[in-house]
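Chemist: Below is the structure I would like to discuss, written out as structure tokens.
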Amino acid sequence: MKFFLDTANLEEIKLANAFGVLAGVTTEPTPVVKENVSFHDRIREITEEVSGSVSVAAVSEQADEMVAEGKVLAEIAPDVTVGIPMTLEGLKAVKVLSAWNIKTNVTLVFNANQALLAARAGATYVSPFIGRLDDIGHSGMELIGVIKEIFTQHKIQTEIIAASIRHPMQITEAAQQGAHIATVSFDVLEKLVEHPLTDAGVKRFLADWNSRI
Ligand SMILES: O=C(CO)[C@@H](O)[C@H](O)[C@H](O)[C@H](O)COP(=O)(O)O
């Protein structure tokens, strides 16, 4: 399973990239607009920093508008993937964009049928939202496993992005269930590194070294 960073913050992206684990980014316009930066400039900067998919959410509701938006976004850089919501209009947009070889990430996936439809429409990625399912008493992780099983059985190439991740344990589980990618906040990414025994081990090693004769 690979890691994407779920952010629009360039500093976070640079830091995560320095860890050597960053395979892509998922982002949306709202946080960028709040930073008072040109959205397209920021996407370009992100694609220059990251080697891998940069998924950018389209903000329209009608298929033709999403397609127009996607076309403009895809012209920013070859790595741009257009984030499309899992709606009928979204599926229509995915069909057109994928016929033009523009990569798509179908978001807001909450059941296996939605994932299968998105894949069949031509989506490059599907994003089941784990945390939001858990919030309403369903199992987000179980969904990842079911989608994986269906995609494997039917030889579907669409990759599964485990999204709406809230804590480190979900990363282990998503990997076990066969997600191709987990998109995480910088906060969660940092937590993955931490373990008290690692800290204690480093401290002990340094103490031993410093107390040598
Ligand atoms: O594009 C994607 C997923 O591919 C992400 O930006 C996705 O929108 C985010 O992971 C979710 O919105 C975050 O979910 P939540 O923490 O707000 O529940």
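Chemist: Being under 30 Å from G70 (Cα atoms) and surrounded by fewer than 15 Cβ atoms within 10 Å (Cβ to Cβ), is that true of even one residue in the stretch 127-144?
Modeler: Filtering the stretch 127-144 down to residues under 30 Å from G70 (Cα atoms) leaves 127-133, 140-141, 143-144.
With the extra rule that they be surrounded by fewer than 15 Cβ atoms within 10 Å (Cβ to Cβ), the set shrinks to 131.
Yes, because at least one residue in the stretch 127-144 is under 30 Å from G70 (Cα atoms) and surrounded by fewer than 15 Cβ atoms within 10 Å (Cβ to Cβ).
Chemist: When the residues of the stretch 111-125 are narrowed to those that are out of contact with any Ser or Thr (no Cβ under 6 Å at 6 or more places or on another chain) and open to solvent by less than 30 Å² (accessible area, probe 1.4 Å), which ends up nearest to the ligand (Cβ to nearest atom)?
Modeler: Checking each candidate, the answer is Y125.
Chemist: Now a separate question. Yes or no: L22 more than 11 Å from the ligand (Cβ to nearest atom), touching a residue at least 40 places away in the same chain (Cβ under 8 Å) and not polar (S, T, N, Q)?
Modeler: No.
Chemist: I would also like to ask the following. Just the residues that are in a loop (DSSP other than H, G, I, E, B) and either open to solvent by 10 Å² or more (accessible area, probe 1.4 Å) or within 13 Å of the ligand (Cβ to nearest atom) (or both), please, taken from the stretch 49-66.
Modeler: Result: S51, G52, A58, V59, S60, E61, Q62.
Chemist: Residues that are over 19 Å from the mean Cα position of the chain (by Cα): find the helices (runs of 4 or more DSSP H) completely inside the stretch 112-213 holding 2 or more of those.
Modeler: Helices (runs of 4 or more DSSP H) meeting the threshold: 112-121, 140-153, 196-210.
Chemist: Could you tell me how many of the residues in the stretch 150-170 are surrounded by 12 or more Cβ atoms within 10 Å (Cβ to Cβ) and more than 15 Å from the ligand (Cβ to nearest atom)?
Modeler: Residues flagged as surrounded by 12 or more Cβ atoms within 10 Å (Cβ to Cβ) and more than 15 Å from the ligand (Cβ to nearest atom) within the stretch 150-170 amount to 3.
Chemist: While we're on this one: L108 - would you say it is on the phi > 0 side of the Ramachandran plot, under 19 Å from the mean Cα position of the chain (by Cα) and within 15 Å of the ligand (Cβ to nearest atom)?
Modeler: yes
The values are calculated or read from the model by the stated rules, or taken from the named source; none is laboratory data. Since this is a predicted model, take the numbers as computed values, not measurements. Because the Cβ atoms are built from the backbone with ideal geometry, glycine has one as well, and the counts that use them run over all protein chains shown. Surface areas here come from the heavy atoms of the whole protein model, side chains and all, with no ligands, DNA or RNA. Shrake-Rupley method; radii C 1.70, N 1.55, O 1.52, S 1.80 Å.
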